[in-house]
Amino acid sequence: DIFVNITDKNTPEERMVQVLRWYLSSFHASRKSSVAKKPYNPILGEIFRCHWSLPQVQDAKAVPNIPIPWCTHNDLIFLAEQVSHHPPISAFYVENGAKKIAFNGHIYTKSSFLGVSVAVHNVGEGRVSLLDRGEDYVVTFPSGYGRSILTTPWLELGGKCEITCPQSGYRADIEFKCKPFWSNEMNKIVAEIFPKDSKKALVKVEGEWNGRMTAKWNTGRTETFLDVSQLPVTKKMVKPVAEQEKYESRRLWREVTAGLKTGDIESATTAKAKLEDKQRKEAKQRKEDGTKWENRMFNPVGENWFFTQALGNRM
């Protein structure tokens, strides 16, 4: 709701505020625990498709050629593809045709060791496109830090990010604050929104990105900006593994997942090694044949990756 409601706001200021609200709401959903866990390694060509049904979103005019054929233009759809292995770049796309809103992004990581911590810098950007408004909102991503890697690892976000709208000139500066050595305060954020060519913030948001955030406006008004702990959770809808394509994530990693769920770490490790060995052999064969990997859903443009069936191309 926070995402699709961006288009309902009447002024550039209100839309930037709503984009910031959506942006700050998006991080808590990615983790249910602060304990660090090793992720699955993405496979070149791996894809993931899902959607959320939004019964409150209705529009009389249908949008043609929906990228996920079993969805409607009232659904919020998500598609992702692993478009590169070196570096490991993930590209992803979201749209809701009824609201004429889309999001296109890509991300990859650069890691470095900091004593008993490891820093994972997220490189890339995302772009929210409001097609009826003629506006784009370009966002960058915070870095992740794995702390105490020799004992009980835990994760936090840190770094400075921004949201910019080239058309209106509005921008938001966001800082994810790392835990100070002398304090127990964690997961703190500070964000400010500025109009075009202004150094005076319209609103300042402070709080915890995994909890409650408070907004203080330049008029003196203070209010709860967002409380992610109170947001309702709507589960994504994914086709059963048996109906998925060969390279869809849940089917591709099903043996690894089964081993982890049953506590059979040996079988999970064997299945993971089998997938990675297959990927190495295929890469070697392509090199010997002089062929290039052809991406399925995204094309590179400069340093960015764009979805080939984007909503703007189909309207």
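The values are calculated or read from the model by the stated rules, or taken from the named source; none is laboratory data. What you see is a predicted model; the values in this text were computed from it and never measured. Neighbour counts are summed over all protein chains in view; Cβ atoms, including those assigned to glycine, are modelled from backbone coordinates with ideal geometry. These accessible areas exclude ligands, DNA and RNA; they are computed on the full protein's heavy atoms, side chains included. Shrake-Rupley method; radii C 1.70, N 1.55, O 1.52, S 1.80 Å.
All but one of (1) closer than 23 Å to residue 42 by Cα; (2) open to solvent by 50 Å² or more (accessible area, probe 1.4 Å) hold for residue 104, so report the exception by its number.
(2)
If you take the residues of region 239-265 that are open to solvent by 40 Å² or more (accessible area, probe 1.4 Å) and among the hydrophobic types (A, V, I, L, M, F, W, C), which of them is farthest from residue 295 (Cα to Cα)?
Going through the qualifying residues, I end up with 265.
Would you check which residues across region 159-195 are touching a helix residue (DSSP H, G or I) at 6+ places or on another chain (Cβ under 9 Å) and of a type in the set (D, E, K, R) and list them?
The one that is touching a helix residue (DSSP H, G or I) at 6+ places or on another chain (Cβ under 9 Å) and of a type in the set (D, E, K, R): 171.
Of all residues in region 190-228 being among the charged types (D, E, K, R) and under 24 Å from the mean Cα position of the chain (by Cα), which is most open to solvent (accessible area, probe 1.4 Å)?
Ranking the qualifying residues of region 190-228, first place goes to 212.
Taking the condition of being under 20 Å from the mean Cα position of the chain (by Cα) and not aromatic (Phe, Trp, Tyr), how many residues in region 147-189 meet it?
Qualifying residue count for the region: 20.
Condition first: more than 16 Å from residue 305 (Cβ to Cβ), surrounded by 15 or more Cβ atoms within 10 Å (Cβ to Cβ) and of a type in the set (Ser, Thr, Tyr). Now tell me which residues in region 110-154 satisfy that.
Once the filter is applied, which keeps residues that are more than 16 Å from residue 305 (Cβ to Cβ), surrounded by 15 or more Cβ atoms within 10 Å (Cβ to Cβ) and of a type in the set (Ser, Thr, Tyr), region 110-154 yields 117, 137, 143, 145.
Filter region 2-34 down to the residues that are open to solvent by 60 Å² or more (accessible area, probe 1.4 Å) and either within 22 Å of residue 141 (Cβ to Cβ) or touching a Leu at 6+ places or on another chain (Cβ under 8 Å) (or both), then identify the one that is modelled with the lowest pLDDT.
Only one residue tops the list, namely 34.
When you scan region 266-307, how many residues do you find that are under 18 Å from residue 94 (Cα atoms) and either part of a helix (DSSP H, G or I) or open to solvent by 60 Å² or more (accessible area, probe 1.4 Å) (or both)?
4
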